[in-house]
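S.K.: I am attaching a structure below and will ask some questions about it afterwards.
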Amino acid sequence: MRLPALALLLAAAPALAQTAPPTAADSALVERYLALSVASAEASRGVLAGAPNPVGDMTDLVTSETTLDSVRAAFYADLRPALLADAVAFTESPLFQRAQRASTLLADSLSFDEIQALIKDPGDRPLADSALSARYAAALLDATQPPDVQERMIDAVIGALPAEVLEPMGGADAFREMYRSQMQSASMRDLQADMMTRGARLSLAGLSDDDARALVDYMESDAARYAGRATALGTTNALVPRIVDMMASALADVPAPPYAPPDNGARLLDEVAAVQGRLPYPDDVRADGVEGAVVVRFVVGAGGAVEEAEVVSSPDPRLSAVVLDAVRATLFTPAVSGGRPARTPITFPFEFSLDDGRGGADGGR
């Protein structure tokens, strides 16, 4: 399926400069792909118009001349006619037309909220194979939201925000790190993949098994990744100014609260340190002579549960899994700030030493 407009808006980067004049054949190929993209976006206008969207009408955004000019520049800066020809051929194929009709049929019969509710709980509706749908979702994320494109988009947004907006948030570097951690966190990626897999199970169910497999095979191809990345790169000139205006308006009206250290931060850190003593030291890891610190960054929510957790560094992925499992399974006493429970970010090194005498699977407990 051609990359949906909604997914394309989630990744963007500065437009690339044209490196060489395209040939007439190259230009014709780019224009064919752009025309097909516009037609596909217009076919989805009803659903996209009903989607909550702080940056404005998404169909108008991806079909605007500003966006199309930017996408042209992205294609011309990294022109690969063979891959683009494959993308055009697929988008013009009967398979794509069948897939588009299947998606449109579902979309036209339901409101955006109803579609979202179905994604969460499909009820008695038939669903496509979950493994195939997960492949589709992963391929779509890979094509439309590669990490380097997200990184460029973050830098473009932060670089364009005025200093008076950034200063109360700790400055450009602090705000960039917060924004990056939210957009590129493992939990955000997992959430996106889960929701997209659920949606794919509904969309692919409208196709035959052969069509669904062929669609996923295309989405995993170099042609799909190339066309998706170029389109994502090209949306920046239209998207970033809207995001900047939205952020500037929202943040300018919110005074930064004075920093107050947690009233019981020491107790929380003691509980985090206590996790260390409960960690098992897998026998196979010890036998391999692996030791060192697994540094984990996580957030303890206001209710004491761990809301996010990711490994910053580790000597072995088996030790990473042990620590993440233990941290996520622990209910901490939340920190208190100003008399109220507060979300608290923590970075902590969990040490594994061959001399510490801990046991294997049961951790010596």
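S.K.: Filter the range 327-339 down to the residues that are surrounded by fewer than 18 Cβ atoms within 10 Å (Cβ to Cβ), at negative phi and in contact (Cβ under 8 Å) with a residue 12 or more places away in the chain, then identify the one that is farthest from the chain's Cα centre (by Cα). So that I can check it myself, show each step before the final result.
M.R.: In the first step, residues of the range 327-339 are kept if they are surrounded by fewer than 18 Cβ atoms within 10 Å (Cβ to Cβ); the result is 328-331, 333, 338-339.
Narrowing the set further to residues that are at negative phi leaves 328-331, 333.
Add one more test, that the residue is in contact (Cβ under 8 Å) with a residue 12 or more places away in the chain, and what stays is 328, 330-331, 333.
Details: Arg328: 21, Thr330: 26, Leu331: 27, Thr333: 30 Å.
Among them, the one singled out is Thr333.
S.K.: Ok, one more. Return the residue satisfying two criteria in turn: it lies in the range 95-116 and is hydrophobic (A, V, I, L, M, F, W, C) and modelled with pLDDT under 80, and of such residues it is surrounded by the most Cβ atoms within 10 Å (Cβ to Cβ).
M.R.: Taking the range 95-116 and keeping what is hydrophobic (A, V, I, L, M, F, W, C), we get 95-96, 99, 102, 105-107, 110, 112, 115.
Restricting the remaining residues to those that are modelled with pLDDT under 80 gives 102, 105-107, 110, 112, 115.
On the way: Ala102: 21, Leu105: 11, Leu106: 19, Ala107: 19, Leu110: 15, Phe112: 16, Ile115: 17.
Of everything passing the filter in the range 95-116, Ala102 is surrounded by the most Cβ atoms within 10 Å (Cβ to Cβ).
S.K.: Which one is nearest to Val290 (Cα to Cα) among residues in the range 340-354 that are part of a strand (DSSP E or B) and open to solvent by 70 Å² or more (accessible area, probe 1.4 Å)? So that I can check it myself, show each step before the final result.
M.R.: Residues of the range 340-354 part of a strand (DSSP E or B): 340-342, 344-352.
Then drop every residue that is not open to solvent by 70 Å² or more (accessible area, probe 1.4 Å), which leaves 340-341, 345, 347, 351.
Working: Arg340: 42, Pro341: 38, Pro345: 28, Thr347: 22, Glu351: 11 Å.
Step by step, filter the range 340-354, then rank; the result is Glu351.
S.K.: Does the range 208-245 hold any residues that are in a helix (DSSP H, G or I) and of a type in the set (Val, Ile, Thr), and which are they? Let's see the steps before the verdict.
M.R.: Taking the range 208-245 first, the residues in a helix (DSSP H, G or I) are 209-219, 222-234, 236-245.
Those that are in a helix (DSSP H, G or I) and of a type in the set (Val, Ile, Thr): Val216, Thr231, Thr236, Val240, Ile243, Val244.
S.K.: Take the conditions open to solvent by 30 Å² or more (accessible area, probe 1.4 Å) and at pLDDT 85 or above and apply them to Ser313. Does it pass?
M.R.: yes
S.K.: Follow-up. Quick one: Glu92 ticks every box in (1) closer than 14 Å to Ala224 by Cα; (2) modelled with pLDDT under 90 bar one, so which box is it?
M.R.: (2)
S.K.: In this structure, does Ala131 turn out to be touching a Pro at 6+ places or on another chain (Cβ under 8 Å) and open to solvent by 20 Å² or more (accessible area, probe 1.4 Å)? It would help to see each step written out before you state the result.
M.R.: On the way: touching a Pro at 6+ places or on another chain (Cβ under 8 Å): no; open to solvent by 20 Å² or more (accessible area, probe 1.4 Å): yes.
So Ala131 fails the test.
S.K.: Tell me which residues, restricted to the range 281-323, are under 32 Å from the mean Cα position of the chain (by Cα) and in a loop (DSSP other than H, G, I, E, B).
M.R.: Residues of the range 281-323 that are under 32 Å from the mean Cα position of the chain (by Cα), as a first pass: 292-323.
Residues satisfying the conditions are Gly301, Ala302, Gly303, Gly304, Ala305, Ser314, Pro315, Asp316.
S.K.: Still on this model: Which residues, taken from the range 32-83, are among the aliphatic types (A, V, I, L, M), modelled with pLDDT under 85 and open to solvent by less than 40 Å² (accessible area, probe 1.4 Å)? Outline the logic, then answer.
M.R.: Looking only at the range 32-83, we keep the residues that are among the aliphatic types (A, V, I, L, M), and these are 34-36, 38-39, 41, 43, 47-49, 51, 55, 58, 61-62, 68, 71, 73-74, 77, 79, 82-83.
When the remaining residues are screened for being modelled with pLDDT under 85, the result is 41, 43, 47-49, 51, 55, 58, 61-62.
Once the filter is applied, which keeps residues that are among the aliphatic types (A, V, I, L, M), modelled with pLDDT under 85 and open to solvent by less than 40 Å² (accessible area, probe 1.4 Å), the range 32-83 yields Ala41, Val47, Leu48, Ala51, Val55, Met58, Leu61, Val62.
S.K.: For the range 117-134, give me the residue count where each residue is at pLDDT below 85, part of a helix (DSSP H, G or I) and within 21 Å of Arg213 (Cα to Cα).
M.R.: Summing the residues that are at pLDDT below 85, part of a helix (DSSP H, G or I) and within 21 Å of Arg213 (Cα to Cα) in the range 117-134 gives 1.
The values are calculated or read from the model by the stated rules, or taken from the named source; none is laboratory data. Just so we're clear, the structure is a prediction, and the values are computed from it rather than from any experiment. Neighbour counts run over all protein chains shown; Cβ positions are idealised from the backbone, glycine included. For accessibility, only protein heavy atoms count, side chains too; no ligands or nucleic acids. Shrake-Rupley method; radii C 1.70, N 1.55, O 1.52, S 1.80 Å.
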